[in-house]
Each structure stands twice: as structure tokens, then as C-alpha cells.
Amino acid sequence: MTAIMPFVPEVSGRARATGGNRIPANDETDDAEVLDDIGSLEMLMDMLRRPEGVLFDKGTATAASTHDADIVVCVKNFAFPAHRLVPAARCRSLWAVLSGSEPLNDKHGMTISFLPFSTSPILGYLHMTGVKPLSTLILLHYLYSDDLLALWDR
């Protein structure tokens, strides 16, 4: 599934983290699903530890196009390429923001706004404030995979 997620950098020469060393799998207790969630969360956390690829800079828009992404989700000093269609199709509120409506605000200080690139009104930055980068990655993971990571298990 990560092959279609442009915000997940390709990792060559290294197997994806599975978390299997921490919790031994047991067929009777469905630990496989928990191990998959741990592996996915480790992969997302590893992305935030990398100095290359996710930090926001002026070249991010160009880098996003190499993944066939058409938006860049920006949170704090991180930038994650994404396909506009995925958040727009999966969340009516994000569709409205991506369609040029007013920014989305909540009572806790979270704001989501869309700023088009100067070259195109469709391509652009989806800015998120009041949220953490890991929360944004978990949201993107869910929007792309329909897999809600069970972070509270174990």
C-alpha cells in the first residue's frame, strides 16, 4: 500500500520495520494486526527523524511532482507530497478547503488552509497549523489506506 503514498519515501536496501522483535506474533490473539500497526507507526516516525525528504523548503513543490503528487501538505517545518484527490474524496471538509473555500478552523486552534502555487490554481500547499507532524502523517496514512492505526493497543 505504501507504493501509492507519495509522502512515504522509498527505502532501498532496508526492510520495512515490523515491530516483530518487541511482541512475538501469536495466531490465537490476532497480534499480527497490532504488529502491522506498530510497523506502520515506526515507518511514519522514521520519516520525521530523516533530515532529507520531508523538511519544508522552496524546492518541495518540484520534489512533489516527482511522485505525481499535486499538493504538498505542510505542517510546522515538514512537507509531505500528496494527491489532491485522496483527501478531497475522503473528507468533505478537506474537499471544501481544496476547492478554494474558507480555511477550516476548530475551537482548539487547528487551521487548515489551501494556498495555490503561483503557476496553477489547482496545485498548491495544504497548510495545517495547531497539529503535530506525526498526527498529520497518521491522518494521511488513514486517508490513503482506510487503515486506522490502533496506537492505543499494547
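The values are calculated or read from the model by the stated rules, or taken from the named source; none is laboratory data. From a predicted model like this one, the values you see are computed outputs, not experimental measurements. Positions of Cβ are backbone-derived with ideal geometry, glycine not excepted, and every protein chain shown enters the neighbour counts. Calculation scope for accessible area: heavy atoms of the full protein, side chains included, ligands and nucleic acids excluded. Shrake-Rupley method; radii C 1.70, N 1.55, O 1.52, S 1.80 Å.
Would you check if there is a residue in the stretch 14-32 being open to solvent by 20 Å² or more (accessible area, probe 1.4 Å), farther than 18 Å from Ser120 by Cα and modelled with pLDDT of 70 or more? It would help to see each step written out before you state the result.
Taking the stretch 14-32 first, the residues open to solvent by 20 Å² or more (accessible area, probe 1.4 Å) are 14-18, 20-30, 32.
Narrowing further to those that are farther than 18 Å from Ser120 by Cα: 14-18, 20-30, 32.
With modelled with pLDDT of 70 or more added as a condition, the list becomes 32.
Yes, some residue in the stretch 14-32 is open to solvent by 20 Å² or more (accessible area, probe 1.4 Å), farther than 18 Å from Ser120 by Cα and modelled with pLDDT of 70 or more.
When the stretch 107-129 is filtered for residues that are open to solvent by 60 Å² or more (accessible area, probe 1.4 Å) and either free of Cβ contacts under 8 Å to residues at least 40 places away in the same chain or more than 20 Å from Phe7 (Cβ to Cβ) (or both), the ones remaining, listed by number, are Lys107, His108, Leu115, Pro116, Ser118, Thr119, Pro121.
Selection over the stretch 91-106 of residues that are under 19 Å from Phe7 (Cβ atoms) and either among the acidic types (Asp, Glu) or in contact with a strand residue (DSSP E or B) (Cβ under 9 Å, 6 or more places away or on another chain) (or both) gives a count of 3.
Scanning the stretch 70-95 for residues that are out of contact with any Pro (no Cβ under 8 Å at 6 or more places or on another chain), open to solvent by 30 Å² or more (accessible area, probe 1.4 Å) and without any contact (Cβ under 8 Å) to a residue 24 or more places away in the chain turns up Asn77, Leu85, Ala89, Arg92, Ser93. Criterion applied to Asp37, Asp68 was being part of a helix (DSSP H, G or I), at pLDDT 55 or above and either touching a helix residue (DSSP H, G or I) at 6+ places or on another chain (Cβ under 7 Å) or not hydroxyl-bearing (Ser, Thr, Tyr) (or both), and the one residue passing it is Asp37.
Any residue at all in the stretch 42-53 that's closer than 18 Å to Phe117 by Cβ, modelled with pLDDT of 70 or more and hydrophobic (A, V, I, L, M, F, W, C)? Before the answer, list the steps.
Initially, the stretch 42-53 is screened for residues closer than 18 Å to Phe117 by Cβ, giving none.
The answer is no; no qualifying residue exists.
So in the stretch 130-154, with the set limited to residues that are under 12 Å from the mean Cα position of the chain (by Cα) and aliphatic (A, V, I, L, M), which one is farthest from Ile4 (Cα to Cα)? Step through it out loud before you land on a result.
Of all residues in the stretch 130-154, those under 12 Å from the mean Cα position of the chain (by Cα) come to 132-145.
From what's left, aliphatic (A, V, I, L, M): 134, 137-140, 143.
Working: Leu134: 19, Leu137: 14, Ile138: 15, Leu139: 15, Leu140: 12, Leu143: 12 Å.
Taking the candidates together, the pick is Leu134.
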